[in-house]
Amino acid sequence: MPGMAVQDLAPYTGVEPDEAWAHEVRKLARERDAVLLAHNYQAPAIQDIADHTGDSLALSRIAAASDASTIVFCGVHFMAETAKILAPEKTVLIPDARAGCSLADSITGAQLREWKAEHPGAVVVSYVNTTAEVKAETDICCTSSNAVDVVASIPADQEVLFCPDQFLGAHVKRETGRENIHIWAGECHVHAGINGPELAQRAAENPDADLFIHPECGCATSALYLAGEGTVPAEKVKILSTGDMVHEARDTKATTVLVATEVGMLHQLRKAAPEIDFRAVNDRASCRFMKMITPAALLRALREGADEVHVDPDTAARARASVQRMIEIGKPGGGE
Ligand code: 13P
Ligand code: SF4
């Protein structure tokens, strides 16, 4: 379960993602009337077998709209939980329920309640990387793709509490020019590790490259600083959700792109624009939780109907309004 110690996280192994595996996965998915969703950070074989790949927002929207009676969510626990909140009548499976998220673990429902008590009347905006309990205490959820639109939709004179990601919060504050926004000091261990000096060095080595930067990155502020001082042309610095990176890959004229996010992203980018040389800013930026969704785990999920995701109905009912507002705000897209 999310929050377990690292030594408890040995993933399911022993299955090769070959043709026989792919055949079996498709057959079992058909028998279960299941749609397979995969986040852009999943291992290539999982992305390739999925019916849809995308960012958190796109996958939430697809989960909400799908006709399938079962959703198999190849991603981390909060994503599968969000699907269950949006589609309580469906069976939601995650191939390994231990696939948590260090960012989602950085704020609890009790901590948020305490924070709200210090700021009565403030509007709470929570990133989708949160537990159902936190979502139940939230006015509007957002993802990296619509965080700016969500905060911009709140009347300018209303105080905002933004949680839990400090780097995404800083991005939203910059973009909206809002001063009355309080930001929780949480972070994702993978993105916080993609730092400014590393980015500056890679940018200096690749002066013509575009920079695709996820707003959870510790280096997002540094990238804008590099643009501000003219080290990198401002139009080459692009702060994007994972889904928007795929769209931008199709549009850019650059021949080299430096990618600051989890390395699983490179697979969709290379598929979208095979002629572009995509390079990770930090090739050690791998999310061990995302990578727990192995070929063996997916097969087990489909054979055994496990792990099933449950959300307490009262919590889900309170969380649903904030998640519903999230999927209604912002541009369409972000998934394939
Ligand atoms: P996206 O919504 O951009 O896909 O990001 C999800 C996530 O967990 C980033 O670490
Ligand atoms: Fe969570 Fe970070 Fe992994 Fe995304 S990359 S799922 S934010 S731990």
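Over the range 196-269, what is the relative contact order in percent, taking alpha-carbon pairs closer than 8 angstrom and at least six residues apart? Write down the numbers at each step before the final one.
Numbers: 86 pairs, mean separation 30.0, N = 74.
Over the range 196-269, the number comes to 41 percent.
Taking the Cα centre of each part, how many Å lie between the range 206-251 and the range 124-202?
Between the Cα centre of the range 206-251 and that of the range 124-202, the gap is 18 Å.
For the chain, with the dipole built from +1 on Lys and Arg beta-carbon atoms and -1 on Asp and Glu ones, taken about the Cα centre, which of V323, A220, V35 lies farthest toward the positive end?
V35
Listed here are the pairs K135/K271; K116/K173; K84/K236; which of them are more than 30 Å apart at the Cα? Don't jump to the answer; show the numbers that get you there.
On the way: K135/K271 34 Å; K116/K173 19 Å; K84/K236 38 Å.
Those over the limit are K135/K271; K84/K236.
Kirkwood Rh over alpha-carbon pairs of the range 65-222, then Stokes-Einstein at 4 °C and 1.567 mPa s: what D in µm² s⁻¹, rounded to an integer? All intermediate terms of the calculation are to be shown ahead of the outcome.
Values: Rh = 17.0 Å.
The calculation lands on 76 µm²/s.
Which number do you get for Rg(Cα) / (2.2 N^0.38 Å) in the range 12-157?
Numbers: Rg = 17.3 Å, N = 146, 2.2 N^0.38 = 14.6 Å.
Compactness ratio reported: 1.18.
What is the local net charge at L266, summed over the other residues whose Cβ is closer than 10 Å to its Cβ (Lys, Arg +1; Asp, Glu -1)? Walk me through the numbers on the way to the answer.
Numbers: positive: R270, K271, R279; negative: E262, D283.
That works out to +1.
Run through the range 172-272 and list the GluC sites (Glu not before Pro) located in a DSSP loop whose Cβ has at most 11 other Cβ atoms within 10 Å. Present the calculation step by step, with values, prior to reporting the outcome.
Working: sites: E175, E179, E187, E198, E205, E216, E229, E235, E248, E262; in loops: E179, E187, E216, E229, E262.
For GluC sites (Glu not before Pro) across the range 172-272 that sit outside H, G, I, E and B with at most 11 neighbouring Cβ atoms in 10 Å, the list reads E179, E229.
In percent, what relative contact order does the chain have, based on Cα pairs under 8 Å that are 6 or more apart in sequence? Numbers along the way, then the final one.
Values: 704 pairs, mean separation 85.4, N = 336.
Worked out over the chain, it gives 25 percent.
With a Cα-only, solvent-free Debye model of the chain, what are the log10 I(q)/I(0) values at q = 0.11, 0.12, 0.14 Å⁻¹?
Log10 of I(q)/I(0), two decimals: -0.68, -0.82, -1.11.
Kindly provide log₁₀ I(q)/I(0) values, in the same order as q = 0.21, 0.27 Å⁻¹, from the Debye equation applied to equal alpha-carbon scatterers of the range 257-336.
Debye intensities relative to I(0), on a log10 scale: -1.06, -1.10.
In whole percent, what relative contact order does the range 207-336 give with Cα contacts below 8 Å and a gap of six or more residues?
Averaging sequence separation for qualifying contacts and normalising by length gives 23 percent for the range 207-336.
What is the magnitude of the charge dipole of the range 39-193 about its Cα centre, with +1 placed on the Cβ of each Lys and Arg, -1 on the Cβ of each Asp and Glu, and no other charges, expressed in debye to the nearest 20?
My answer is approximately 60 debye.
Enter the mean projected area of the convex hull around the alpha-carbon atoms of the range 10-71, in nm², rounded to one decimal. If you can, show how the numbers build up before the last one.
On the way: hull surface 19.0 nm².
Approximately 4.8 nm², given one-decimal rounding.
Provide Rg over Rh for the range 142-297; use the alpha carbon set for both Rg and the Kirkwood Rh (inverse mean inverse pair distance). Can you show the working numbers first?
Numbers: Rg = 15.9 Å, Rh = 16.2 Å.
So for the range 142-297, dividing Rg by the Kirkwood Rh gives 0.98.
About its Cα centre, what dipole magnitude does the range 168-268 give when the only charges are +1 on Lys and Arg Cβ and -1 on Asp and Glu Cβ, stated in debye to the nearest 20? Present the calculation step by step, with values, prior to reporting the outcome.
Numbers: 8 positive and 14 negative charges, 25 e Å.
Result for the range 168-268 is approximately 120 debye, rounded to the nearest 20.
What is the diffusion coefficient of the range 208-291 in µm²/s, taking the Kirkwood radius over Cα pairs and the Stokes-Einstein relation at 4 °C with a viscosity of 1.567 mPa s?
Rounded to a whole number, D works out at 101 µm²/s.
Every number in this text was worked out from the coordinates using simple rules, so none of it is lab data. These figures come from a predicted structure and were not determined experimentally. As a convention, Cβ positions derive from the backbone with ideal geometry for all residues, glycine included, and neighbour counts pool all protein chains shown.
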